Every structure is written in structure tokens, then in C-alpha cells.
Amino acid sequence: MSDPQLDTLFQPLQLRSITLKNRVFMSSMTHNVLLARAAGGAGLIIADGILISQQGTKWHNAPGIWSKDQIAGWKKVADAVHAEGSIIYAQVSTGAPGCVTPTAIENPREIIAVFKQAAINAKNAGFDGVEIHAANGYLIPQFLDRTSSHRTDEWGGRIENRSQFGLDVLKTAIEVWSTDRVGIKLNPTGGYNDVRMPLEETLQTFSYFSSEVDKLKIAYVTLVRYAEFLDPIIDGSHHAVKHDVISTYAPLLKNALVFGNAAFTGEEAARYVPEGKLAGVFFGVPWIALPDFARLLQDGKPLDGTLDFTTCMALEGT
């Protein structure tokens, strides 16, 4: 029996020119089992953390979108998801740091150009849009965060300078797709790699960056709130900056739809959406355990989303 309190999660949502069939979305999780989740009722699917160029990454056989073969492969995925009535965005990203010591990028504009080509490739692959990955210690938050960025040139120092790389990446994606088909994922709490500014600096930096992002009038911003599984222990301690991400930054976003991410339950999501705090919610772990998560949630069926992470996190032989 369905739960009336969850009904708001299954109302259609207009994402600019795209109609999403519900507000239960599938987050990117650097894996590739997308068709089953489309069939399972996901209103919006974010495809992996797709690498923009061939580079080192800690994930074996991580997906990319720089070659003709990859574009052709993603076209098959996008077509299959569309056949199930779902919408699929490509999350374009750079790999995690692979250097033994801090290493500066000599010309950030070269990386921005690679992001633009990845956006073009995603369009040619039949995706419905692109999401810029600016969360979880990847390259854009490394530019944003003062503790990870030691640059003294036009890309470092002042908040405005540190924000420029991410904003320029967004602008190139908009050139390819238009504002209606571009989103961004932000995790202001940090924690990964050297991304760990004090609270006051975090609030100042991400308030400025969020406001500048909103001026670009992109389709959506996904805010990743604090979750312990996103706050690894480094050198014996956690480093993420705990604060209320949704309440702090969502009010700054006047043009973009605001989506939530990180450890939401269906019941919790159903409170956030009708209250107007969020337009939709991304779920991650439940989709891994339950390919038909959205349908089970809508029908009020039991949700046994228990996972043994040792069997699904790219360990040898899995």
C-alpha cells in the first residue's frame, strides 16, 4: 500500500525544458548499472563520474568520454535509459589526485577546454544534459578550497580568484548545452583530500560561489549535505566541516532548482520537497541494493537497503 506522505516525491517536475516523471533521482556513484535503475523508476539518472580525459584514477576501468568508442558506448546507454522513460545526464569530472606531492596545473585554461570537449562529446552521445562534478575533493573544490589551493596567480588567493576555475568550467558547458541543460554538484562540507577549510571560510567561500553559480542561471544545483561516509578518516581524524548545507546555501539559489543528496530516507525527502526546501532528492546507496527503489518506495513496499560495501567498492575480484 502506498504512503500518502510520499506522494509529493512522485509528482512530475519541470527541469526547464525537460519533464521529470518524479523527484526520486539516482545519484552518480562511479558505477554503471543504469538501465535497471531506469526501469526501476528513477526520474533522473546521473551517469557515473565520467572522466574528461585519459588520466590516472584510483578506480580501475573508470568510464571516460574522450574517445569515439566511448561516445558510441554511452550512446547505447542513453538510448536504453530513454526507452524506459527516464532522463540521463552525464556527470563530467576529473580523476582524483595522483601525485605524491602537491603539483600545480600550469595552465588551467587547458583543463577548461577539455571540460568543454567532454560536454560536446556528451551531447553527441545522446545525454540529456551535463552535470559538472564540483564535490568530494575533485579538481574544482581543490581550486575553491584555500587549504588545498596554494596558487598565487589569477586562480588563487582571494575567493573570487579561487572560484573562477569552476565558474569558467560551467560557462563552457553552457556554451555547448545552454543554461537549461547544465547542473552542478557541490559538497561544501569537504573532507576528501586537502579540502578542509575552517567553518567561517567555508561559509564565505561557498556562499560566494553558490551565488555566482546562480547568476549563470543553470538548471539545477545539487547540494551534498554532511554524511559520515563522505568524511573519511585522514591522519587519524575526520576533516569535513559539519554545517547545515541545505539551510545555508539553498536560499542563495534563486534561479536554479535545488536538489539534495547524501543519506536521505524516503520519508525525509518527502518532508523537504513539500516544504519547498528542495525540488527533488538524489539517492545513492538504496539504488545499489534495490534496482527498483523508486517503485518500491512509491508502493510502500519494505526497503531492505542493507549493503556489504566490501563486495561493491571495486575490490579485487568484484
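Please indicate, with yes or no, whether at least one residue in the stretch 151-165 is more than 20 Å from N261 (Cα to Cα), free of Cβ contacts under 8 Å to residues at least 60 places away in the same chain, touching a Phe, Trp or Tyr at 6+ places or on another chain (Cβ under 7 Å) and among the small types (G, A, S). Please lay out each step first, then the result.
As a first pass, look at the stretch 151-165 and keep what is more than 20 Å from N261 (Cα to Cα): 151-165.
From what is left, the residues that are free of Cβ contacts under 8 Å to residues at least 60 places away in the same chain are 151-165.
If we keep only those that are touching a Phe, Trp or Tyr at 6+ places or on another chain (Cβ under 7 Å) too, we end up with 155, 159, 161-165.
Those still in the list that are among the small types (G, A, S) too: 163.
Looking for residues that are more than 20 Å from N261 (Cα to Cα), free of Cβ contacts under 8 Å to residues at least 60 places away in the same chain, touching a Phe, Trp or Tyr at 6+ places or on another chain (Cβ under 7 Å) and among the small types (G, A, S), one finds at least one in the stretch 151-165, hence yes.
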Exercise. If you take the residues of the stretch 224-245 that are at pLDDT 90 or above and part of a loop (DSSP other than H, G, I, E, B), which of them is surrounded by the most Cβ atoms within 10 Å (Cβ to Cβ)?
Worked result: R225
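Yes/no per residue for (1) modelled with pLDDT under 95; (2) closer than 21 Å to S149 by Cα; (3) touching a helix residue (DSSP H, G or I) at 6+ places or on another chain (Cβ under 9 Å):
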position	(1), (2), (3)
P198	yes, yes, no
S210	no, yes, yes
T222	no, no, no
S247	no, no, no
L253	no, no, yes
A256	no, no, yes
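A quick yes/no check of all residues on (1) modelled with pLDDT of 95 or more; (2) under 30 Å from S17 (Cα atoms):
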{"position": "I120", "(1), (2)": "yes, yes"}
{"position": "N124", "(1), (2)": "yes, yes"}
{"position": "G157", "(1), (2)": "no, no"}
{"position": "E160", "(1), (2)": "yes, no"}
{"position": "F165", "(1), (2)": "yes, yes"}
{"position": "W177", "(1), (2)": "yes, yes"}
{"position": "K185", "(1), (2)": "yes, yes"}
{"position": "D194", "(1), (2)": "no, no"}
Exercise. Quick one: A113 ticks every box in (1) at pLDDT 90 or above; (2) farther than 22 Å from Q70 by Cβ; (3) not polar (S, T, N, Q) bar one, so which box is it?
Worked result: (2)
Problem set entry | Filter pass, W74 being surrounded by 14 or more Cβ atoms within 10 Å (Cβ to Cβ), touching a Leu at 6+ places or on another chain (Cβ under 8 Å) and either assigned to a strand (DSSP E or B) or at pLDDT 80 or above (or both) | no
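Do you know which residues across the stretch 177-193 are surrounded by fewer than 19 Cβ atoms within 10 Å (Cβ to Cβ) and more than 17 Å from L15 (Cβ to Cβ)? Reasoning before the result, please.
So the first thing to find is which residues in the stretch 177-193 are surrounded by fewer than 19 Cβ atoms within 10 Å (Cβ to Cβ), and the list is 178-180.
Scanning the stretch 177-193 gives no hits.
Yes/no matrix, rows are residues, columns are (1) closer than 23 Å to I45 by Cβ; (2) surrounded by fewer than 22 Cβ atoms within 10 Å (Cβ to Cβ):
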position	(1), (2)
F127	yes, no
N136	yes, yes
T147	no, yes
I159	no, yes
Exercise. G183: at positive phi, touching a residue at least 12 places away in the same chain (Cβ under 8 Å) and either in contact with an Asp or Glu (Cβ under 9 Å, 6 or more places away or on another chain) or of a type in the set (A, V, I, L, M) (or both), yes or no?
Worked result: no
For this session: Would you check if there is a residue in the stretch 31-51 being of a type in the set (G, A, S), outside any loop (DSSP other than H, G, I, E, B), at pLDDT 90 or above and more than 22 Å from D180 (Cβ to Cβ)?
Result: no
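Taking the conditions exactly as written (crowded, with 17+ Cβ neighbours inside 10 Å, in a loop (DSSP other than H, G, I, E, B) and either at pLDDT 90 or above or more than 15 Å from the chain's Cα centre (by Cα) (or both)), does I218 satisfy them or not?
Values: crowded, with 17+ Cβ neighbours inside 10 Å: yes; in a loop (DSSP other than H, G, I, E, B): yes; either at pLDDT 90 or above or more than 15 Å from the chain's Cα centre (by Cα) (or both): yes.
Judged against the criteria, I218 is a match.
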Exercise. Can you tell me which residues in the stretch 271-285 are touching a strand residue (DSSP E or B) at 6+ places or on another chain (Cβ under 9 Å) and under 25 Å from E228 (Cβ atoms)?
Worked result: Y272, V273, K277, L278, G280, V281, F282, F283, G284
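The values are calculated or read from the model by the stated rules, or taken from the named source; none is laboratory data. Everything quoted here is computed from the prediction, not taken from an experiment. Cβ: placed from backbone, ideal geometry, glycine included. Neighbour counts: every protein chain shown.
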